[in-house]
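The structure appears below as C-alpha cells.
The values are calculated or read from the model by the stated rules, or taken from the named source; none is laboratory data. No experiment lies behind these values; they were computed from the predicted model shown. Quick reminder, even Gly has a Cβ in these numbers, built from the backbone with ideal geometry, and neighbours come from all protein chains shown. Ligands, DNA and RNA are excluded from the accessible area calculation, which covers all protein heavy atoms including side chains. Shrake-Rupley method; radii C 1.70, N 1.55, O 1.52, S 1.80 Å.
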Amino acid sequence: MLFRQFSSFALFSVLSCSVFATVGGPQNIEVLGYDSKDQKIYLMRHFEDGRGRLPQLYYYQLNSKKPTQLITVRSLYINPVTKRIDYDQDSTQFDKSIANIKKRLIKLTPISNSNAQIQLITTMNGTAKSWYDPSETIDKWNYQYQVKSFQYKSSVQSAETYKEGINISKTYKIAQLPYRLVTVKYLGIPFETGYTVEDPVLLSK
C-alpha cells in the first residue's frame, strides 16, 4: 500500500514537472531594415518560448502624421483555411513573405549605446502575484520614460518589469533621415526564473 502511494506521488511529481517544464522564454527584437520607397522601418518580435508561434511583424510609417507610432501587421497571419488570424500555423508562407520584404530593405547602421540615454519620468514599485504560488508575491516596477540621444527624443514610453531597471540594448541610425531607433530591454516576464523583453523605440528630432 505504501509503495502504491509512493508510486502515485512520484507519477504526480513527474507530471507536475512536465507541466512546469521550461515553456517560457525571452522576447527579442530583430530590426529588418528601411524601405526607402514606402518609407517604412520594419522589425520583428521573436517569442523564444515553447509555443513556437510566428514572430510578430511591425513597422514605422515615416511619412505619416505619427511616424514614431509602432504599427502591428496582421495581414500576414491570416490562415488560408480558417480565414482568421493564426499565429500557430505553418511558417512556410510567412517566411516567404518576410524574405520578399527583406529584399527591398536597407539595413540600419548600429551605433554605440552610449549615444542614447533613458530618462525616467515616473517609477512605481509594487508587487504582483507569483506565477508558482498566487498566495506569494514578487516585486514589480512600472516605469514611464523617454529615450534621448543628442537632439533626438522619443515620446513617453512605459515598461512593466519584475527586476529593477531598464536598459538600452541596441541603437541604430537611419542614413540621411532624422531618426534614431533603440531597443529597450527589461525583465518583463516573471514566469519561471524570469525572461527579458525588448521593446523598440523610435526617436525623432
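Of the residues 149, 169, 75, the one that moves most in a GNM of the chain with alpha-carbon contacts below 10 Å is 75. For residue 185, give me every one of the aspartates and glutamates with a C-alpha distance below 12 angstrom, ignoring sequence neighbours fewer than eight places off in its own chain. Of all the aspartates and glutamates, those that pass the test against residue 185 - Cα under 12 Å, at least 8 places apart if same chain - are 160, 164, 198, 199.
Which pairs, out of 96/173; 37/148; 83/103; 37/205, put more than 30 Å between their alpha-carbon atoms?
none
Taking GluC sites (Glu not before Pro) in DSSP loop states with no more than 15 other Cβ atoms inside 10 Å as exposed sites, the chain has its longest site-free stretch at 49-135. Applying both filters, DSSP loop and at most 12 other Cβ atoms within 10 Å, to the trypsin sites (Lys or Arg not before Pro) of segment 42-89 gives 51, 65, 74, 83, 84.
Both radii were evaluated on the Cα set of segment 72-183; the Rg over Rh quotient, with Rh as the Kirkwood radius, amounts to 1.09. With contacts defined as alpha carbon pairs under 8 Å and 6 or more residues apart, what's the relative contact order of the chain in percent? Result for the chain is 16 percent.
Between residue 127 and residue 51, what is the FRET efficiency for a Förster distance of 22 Å, r being their Cβ-Cβ separation, to the nearest 0.05?
Working: r = 27 Å, r/R0 = 1.23.
Computed FRET efficiency for residue 127 and residue 51: 0.20.
Helix 92-103 and the longest principal axis of the C-alpha atoms of the chain enclose an angle of approximately 30°.
Taking loop as defined by DSSP and a crowding limit of 15 other beta carbons within 10 Å, which trypsin sites (Lys or Arg not before Pro) in segment 114-180 fit? Kindly include the intermediate steps, with their values, before the conclusion.
Numbers: sites: 129, 140, 148, 153, 163, 170, 173, 180; in loops: 163.
When the trypsin sites (Lys or Arg not before Pro) of segment 114-180 are filtered for loop state and at most 15 Cβ neighbours within 10 Å, 163 remain.
Leaving out ligands, DNA and RNA, what percent of the accessible area of segment 70-191 is carbon and sulfur, probe 1.4 Å?
50 percent
Note on the chain: GNM, Cα springs under 10 Å; of 186, 152, 42, the largest mean-square fluctuation is that of 152. Distance from the alpha carbon centroid of segment 151-202 to that of segment 95-115 works out to 17 angstrom. Take the Cα radius of gyration of the chain and divide it by 2.2 N^0.38 Å, N being the number of residues; the result is 1.26. Note that segment 31-117 presents 61 Å² accessible area per residue, ligands and nucleic acids not counted, probe 1.4 Å. Seen against the Cα atoms of the chain and their longest principal axis, helix 2-19 is set at about 10 degrees. Which of 81, 23, 156 moves most in a GNM of the chain, Cα contacts under 10 Å? In this elastic network of the chain, the residue with the biggest mean-square fluctuation among 81, 23, 156 is 81. Taking the DSSP bridge list for the chain and keeping only pairs wholly inside it, about 100 percent are antiparallel. In a simple Cβ point-charge model (Lys, Arg +1; Asp, Glu -1; nothing else charged), the chain has a dipole of about 1080 debye relative to its Cα centre.
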